[in-house]
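Participant: My structure is below; once you've seen it, I'll send some questions.
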Amino acid sequence: KARSGWLGALALLMAGTAHADDGYRLWLRAPAAAPAATTVAIRGDTATLRLAAAELSRVLPAGMTVMVATAADPGVAALRLPFAPLGDEGYLVRPVTLDGRPTLLVAGNSDRGALYGAFALLRHLATGGTAAKATLTSTPKVKLRVLNHWDNLDGTVERGYAGVSLWDWWTLPDLKDPRYTDYARANASIGINGTVLNNVNAKADSLTPRYIAKAAALADVFRPWGIKVYLSARFSAPIELGGLKTADPRDPQVAAWWKAKADEIYRAIPDFGGFLVKANSEGQPGPRDYGASHADGANMLAAAVKPHGGIVLWRAFVYAETDPEDRAKQAYTEFKPLDGSFADNVLVQVKNGAIDFQPREPFHPLFGAMPKTPLVMEFQITKEYLGFATHLAYLGPLFEEVLSAKTGRGDETVASVVDGSSERHRLTGMAGVANIGRDRDWSGSTFNQANWYAFGRMAWDPTLKAEPIAREWAQQTFGTDRRVVDTAVAMMMGSREAVVDYTGALGLAHLMATGHHYGPGPWVADLKRPEWNPVYYHKADRAGIGFDRTKTGSDAVAQYAPPVAKRFADPKTTPERDLLWFHHVGWDRKMASGRTLWEDLVAHYDRGVTYVGDMRRQWDGVRAQVDAERWQKTATYLAVQEREARWWRDASLAYWMSVNGRALPAGVAPPA
Ligand code: GCU
């Protein structure tokens, strides 16, 4: 209706019927097989430079002179452009005169930099920019920008909601499915430069010669795209594969086994990134089994990969069955004393919050508390606790909220800890638990692709904001039609808050049904491990609700730097969005709204449900502007989400009412 005349009809025809759009092309929608429009020259011949040129030649207008090169080329060097600040991977794109001709230069100090420049130029064009005078430059702020696949060797994906694993272990290493190339290309386009192939709950088998060969085949595909392969290592592998009696990191035989294993891997994959390790967590083996510390374990592995330039990503996600301490405190208790004792090629990988990827958690208290250790931010891109693949929840605002949090040490933010600027760390990293599988649309839904995209962009620069990222993603994904883009961005920006609202706002967390974590289960109280029961987290009774993490309770607040600890210690200065995370308060507590806590909680549930209904209406409004396939799937999922948001609200309220004995506040319809 918004369009008229034959142009509009043509556009509709193209949008609706030109080709079925199954979302495979992600945010890279320039036609892959289009005839070369313009010739892009290369200075210096590497596979990576050739890829960069191929990307550009598909989309640049005819008649342009474009040069892809590195700073090492004498002609480029003679231009005296500011290459120094670009480091290893930064890029610059600018109009120059080369050999007497006006030329658009796309360059970096390395060919990878040039490739990132090419993708930046594509992004620039797809978001409305023009090529001829494009002037772009950027240097990644974080060195290791890594996806973590929780992919099992049997093809399943732990917490994966987009089909089975992309890695077809059966046909590797022989068959290099073209999809591996498409995967690498998509990652390179957003700056991701590493991928951990297998689940952190690792099987020792992944380190056997046959799996090393499969990993090597993938590494060969990814290499020209600037992506390194890493493996999750099972700490007890020396026992399982090596026949040793122990995996004690202080045992010289164990260290020798790992050294030989690392040498073997590097023979197959010379640029192997290194190991990711989940140790002594949720049943995984680790150095604590032998009374050795996490640093002992990490350093032993680090020594094995060090001669090859490898690193170790050691996860801080630990909490023990036998430990009566508040689960939210355990990682800090374990790791903070180890600050300063890790080898220089170890990074400690910390989840964004102290529990487990909840719709909202305050930032993890380890950020800022281990100045001598590079800390990697671990976000979950797959939405284990936010409705799996079906619910629309754009995680950009979650990432931004955590990264921009102030640690309480001067001006330090979580982002400045992660990007190393705070302590001048050489090694820095950001990890995202991938939401990628063999579904045609990669991530289970079109909007889930935005979370992969946003992760990459924020790993490149953790100070980027969620809203502009949503906008550039929407423009590349749906085209630059203002109405569609505005609608998509509007839907996305409040979507994560809506999930918070309908699953439990005001600092509540971990109320999902146990095990699979889908749908409500705040009443569950019968699991053997107390910290797996939702009642452990909300502690609701007739008088009140919330987890007292102040001095009168677990005192988890004391793990934050003094100014932050002080703020969180007092319910009056705790942001209401985190209130019940830190405090047990009465149902009648007066809130900023003037209502009681109970009334506010009910209002949040309602707001969440309403938001999803609004998203449905907004999406209905762009039906004519979006291709039928992607529109329909999204619409169907939004309907599921609305139904389930109601389910969450009604089941949760019925439970809270059974605990607090209260009626619904006036004006709110009783749960159906
Ligand atoms: C969560 C998740 C597990 C995962 C674990 C981890 O607990 O439910 O599936 O293994 O995190 O991050 O190690």
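The values are calculated or read from the model by the stated rules, or taken from the named source; none is laboratory data. Fair warning: this is a prediction, and the values are worked out from it, not measured in the lab. Positions of Cβ are generated from backbone atoms using ideal geometry, with glycine treated the same way; all protein chains shown enter the neighbour counts.
Participant: Mind checking which residues of the range 311-332 are without any contact (Cβ under 8 Å) to a residue 12 or more places away in the chain and among the β-branched types (Val, Ile, Thr)?
Facilitator: The answer is Thr322, and nothing else.
Participant: Can you tell me which of Leu398, Leu366 is away from the ligand (no atom under 13 Å from the Cβ), in contact (Cβ under 8 Å) with a residue 40 or more places away in the chain, assigned to a helix (DSSP H, G or I) and under 28 Å from Val229 (Cα atoms)? Walk me through how you get there before you give the answer.
Facilitator: Numbers: Leu366 fails: assigned to a helix (DSSP H, G or I).
Among Leu398, Leu366, only Leu398 is away from the ligand (no atom under 13 Å from the Cβ), in contact (Cβ under 8 Å) with a residue 40 or more places away in the chain, assigned to a helix (DSSP H, G or I) and under 28 Å from Val229 (Cα atoms).
Participant: Of all the residues that make up the range 498-525, how many are touching an Asp or Glu at 6+ places or on another chain (Cβ under 9 Å), of a type in the set (A, V, I, L, M, F, W, C) and within 16 Å of the ligand (Cβ to nearest atom)?
Facilitator: Residues that pass the stated criteria total 2.
Participant: Looking at this structure, is Ser165 within 16 Å of the ligand (Cβ to nearest atom), in the same structural domain as Pro307 (by TED's automatic domain parsing) and more than 24 Å from Asn299 (Cβ to Cβ)?
Facilitator: On the way: within 16 Å of the ligand (Cβ to nearest atom): yes; in the same structural domain as Pro307 (by TED's automatic domain parsing): yes; more than 24 Å from Asn299 (Cβ to Cβ): yes.
It is true that Ser165 is within 16 Å of the ligand (Cβ to nearest atom), in the same structural domain as Pro307 (by TED's automatic domain parsing) and more than 24 Å from Asn299 (Cβ to Cβ).
Participant: Can I ask one more? Could you list, in sequence order, the residues of the range 221-237 that are touching a Lys or Arg at 6+ places or on another chain (Cβ under 8 Å) and either within 16 Å of the ligand (Cβ to nearest atom) or within 15 Å of Ile265 (Cα to Cα) (or both)?
Facilitator: Selection gives Ser232, Arg234, Ala237.
Participant: Looking at Glu361, is it more than 20 Å from Ala279 (Cβ to Cβ), assigned to a loop (DSSP other than H, G, I, E, B) and of a type in the set (Asp, Glu)? Before the answer, list the steps.
Facilitator: On the way: more than 20 Å from Ala279 (Cβ to Cβ): yes; assigned to a loop (DSSP other than H, G, I, E, B): yes; of a type in the set (Asp, Glu): yes.
When the stated conditions are applied, Glu361 passes them.
Participant: Can Leu218 be described as touching a residue at least 12 places away in the same chain (Cβ under 8 Å), within 16 Å of the ligand (Cβ to nearest atom) and within 30 Å of Gly108 (Cβ to Cβ)? Give the steps one after another, and end with the answer.
Facilitator: On the way: touching a residue at least 12 places away in the same chain (Cβ under 8 Å): yes; within 16 Å of the ligand (Cβ to nearest atom): no; within 30 Å of Gly108 (Cβ to Cβ): yes.
No: the conditions fail for Leu218.
Participant: Then there is this: Starting from the range 193-205, keep only residues that are touching a residue at least 40 places away in the same chain (Cβ under 8 Å) and assigned to a loop (DSSP other than H, G, I, E, B), then list their pairs with residues that are among the aliphatic types (A, V, I, L, M) and within 12 Å of the ligand (Cβ to nearest atom) whose Cβ atoms are within a distance under 9 Å, requiring at least 6 positions of separation or different chains.
Facilitator: Pairs found: Asn198/Leu276; Asn199/Val157; Val200/Leu276; Val200/Val277; Val200/Val433; Ala202/Leu276; Ala202/Val277.
Participant: Taking the range 87-126, which residues are in a loop (DSSP other than H, G, I, E, B) and over 18 Å from Ala188 (Cβ atoms)? Even if it seems obvious, please write down each step before you answer.
Facilitator: Restricting attention to the range 87-126, the residues satisfying the condition of being in a loop (DSSP other than H, G, I, E, B) are 87-90, 99-100, 109-110.
Passing the criteria: Asp99, Gly100.
Participant: If you check Ala132, Ala114, Ala213, which single one turns out to be out of contact with any Lys or Arg (no Cβ under 6 Å at 6 or more places or on another chain), at pLDDT below 95 and farther than 23 Å from Ala431 by Cβ? Don't jump to the end; show me each part of the working.
Facilitator: Numbers: Ala114 fails: at pLDDT below 95; Ala213 fails: at pLDDT below 95.
Of Ala132, Ala114, Ala213, the one residue that is out of contact with any Lys or Arg (no Cβ under 6 Å at 6 or more places or on another chain), at pLDDT below 95 and farther than 23 Å from Ala431 by Cβ is Ala132.
Participant: Which of the following residues is touching a Leu at 6+ places or on another chain (Cβ under 9 Å) and assigned to a loop (DSSP other than H, G, I, E, B): Ala393, Ala459?
Facilitator: Selected residue: Ala393, the only one of Ala393, Ala459 that is touching a Leu at 6+ places or on another chain (Cβ under 9 Å) and assigned to a loop (DSSP other than H, G, I, E, B).
Participant: With respect to Lys465, is the statement that it is in contact with a His (Cβ under 8 Å, 6 or more places away or on another chain), over 29 Å from Gly310 (Cβ atoms) and not aromatic (Phe, Trp, Tyr) true? Show your work before the answer.
Facilitator: Numbers: in contact with a His (Cβ under 8 Å, 6 or more places away or on another chain): no; over 29 Å from Gly310 (Cβ atoms): yes; not aromatic (Phe, Trp, Tyr): yes.
So Lys465 does not fit the description; no.
Participant: Could you list, in sequence order, the residues of the range 479-510 that are part of a helix (DSSP H, G or I), within 22 Å of the chain's Cα centre (by Cα) and not aliphatic (A, V, I, L, M)?
Facilitator: Pass one, the range 479-510, residues part of a helix (DSSP H, G or I): 482-493, 495-503.
Now narrow it down to the ones that are within 22 Å of the chain's Cα centre (by Cα): 488-493, 495-501, 503.
Scanning the range 479-510 gives Ser495, Arg496, Glu497, Asp501, Thr503.
Participant: Find the residue count for the range 314-329, including only residues that are within 16 Å of the ligand (Cβ to nearest atom) and either not charged (D, E, K, R) or not assigned by TED's automatic domain parsing to the domain that holds Gly273 (or both). So that I can check it myself, show each step before the final result.
Facilitator: First, pick out the residues of the range 314-329 that are within 16 Å of the ligand (Cβ to nearest atom): 314-321, 323, 327-328.
Next, only the ones that are either not charged (D, E, K, R) or not assigned by TED's automatic domain parsing to the domain that holds Gly273 (or both) stay: 314, 316-320, 328.
Total meeting the criteria: 7.
Participant: Looking at the range 337-358 only, could you name the residues that are in a loop (DSSP other than H, G, I, E, B), surrounded by 19 or more Cβ atoms within 10 Å (Cβ to Cβ) and away from the ligand (no atom under 14 Å from the Cβ)?
Facilitator: Phe342, Asn345, listed by residue number.
Participant: Next question, about the same structure. Quick one: Val417 ticks every box in (1) over 12 Å from the mean Cα position of the chain (by Cα); (2) more than 16 Å from the ligand (Cβ to nearest atom); (3) more than 21 Å from Arg360 (Cβ to Cβ) except a single one, so which number is it?
Facilitator: Here Val417 meets the rest and fails (3).
Participant: For the range 140-158, name all the residues that are under 19 Å from Val376 (Cβ atoms) and either within 15 Å of the ligand (Cβ to nearest atom) or touching a helix residue (DSSP H, G or I) at 6+ places or on another chain (Cβ under 9 Å) (or both). So that I can check it myself, show each step before the final result.
Facilitator: Kept after step one, since they are under 19 Å from Val376 (Cβ atoms), are these residues of the range 140-158: 140-150.
Pro140, Lys141, Val142, Leu144, Arg145, Val146, Leu147, Asn148, His149, Trp150 - these are the residues of the range 140-158 that are under 19 Å from Val376 (Cβ atoms) and either within 15 Å of the ligand (Cβ to nearest atom) or touching a helix residue (DSSP H, G or I) at 6+ places or on another chain (Cβ under 9 Å) (or both).
Participant: May I pose another question? Which residues, counting only those in the range 369-385, are assigned to a loop (DSSP other than H, G, I, E, B) and within 14 Å of the ligand (Cβ to nearest atom)?
Facilitator: Of the range 369-385, the ones assigned to a loop (DSSP other than H, G, I, E, B) are 369-374, 381-385.
Hits for the range 369-385 are Ile381, Thr382, Lys383, Glu384, Tyr385.
Participant: When both residues are 6+ apart or on different chains and their Cβ atoms are under 8 Å apart, which pairs have a first residue that lies in the range 516-531 and is of a type in the set (Gly, Ala, Ser), and a second that is away from the ligand (no atom under 12 Å from the Cβ) and in a loop (DSSP other than H, G, I, E, B)?
Facilitator: If the second residue must be away from the ligand (no atom under 12 Å from the Cβ) and in a loop (DSSP other than H, G, I, E, B), the pairs left are Gly519/Ala513; Gly521/Leu511; Gly521/Ala513; Ala525/Asn533.
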